[in-house]
Amino acid sequence: LSNLLAGFISALEDLRLDELLRAGVCVSINSDDPALFRKELADNFQAVFDVYNWGEAELVQFTKHALASAHMTAQERAACLQLFSNKSGLALG
């Protein structure tokens with residue numbers, strides 16, 4: 001949402017996230033300076049998922065991408081994936 005609010009794009013569709021995902025790009029959703037933009041991570045997810053009409057499969061994919069690019073050990077990554085799966089009820093495969 002920060003790119004939209006700052007005027008770098010005119011609509012979230014301009015990010016072409018659907019095309020990037022189809023091309024196999026490791027895309028994650030993040031929040032830029034929540035205090036400045038008054039938007040939390042959940043707001044970013046909700047806006048993007050509404051625009052692209054995404055659901056559980058994409059949520060799992062974004063979660064995997066975020067954890068794959070996070071600075072953590074393989075053990076920490078596995079623990080986070082398991083916690084996400086347990087809390088969400090979604091299989092991460």
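Each residue in the range 60-72 was checked for being in contact (Cβ under 8 Å) with a residue 40 or more places away in the chain and assigned to a helix (DSSP H, G or I), and 2 of them qualify. Of all residues in the range 22-47, exactly one satisfies the criterion of being β-branched (Val, Ile, Thr) and closer than 19 Å to Ser88 by Cα, namely Ile29. Filtered by the rule that a residue be surrounded by 12 or more Cβ atoms within 10 Å (Cβ to Cβ) and free of Cβ contacts under 8 Å to residues at least 24 places away in the same chain, the range 42-59 gives Phe45, Gln46, Phe49, Trp54. Note on the range 5-36: residues that are over 20 Å from Phe62 (Cβ atoms) and assigned to a helix (DSSP H, G or I) amount to 3.
Every number in this text was worked out from the coordinates using simple rules, so none of it is lab data. In this text the structure is predicted, and so the values were computed from the model without any measurement. Here Cβ is always computed from backbone atoms with ideal geometry, including for glycine, and neighbour counts include all displayed protein chains.
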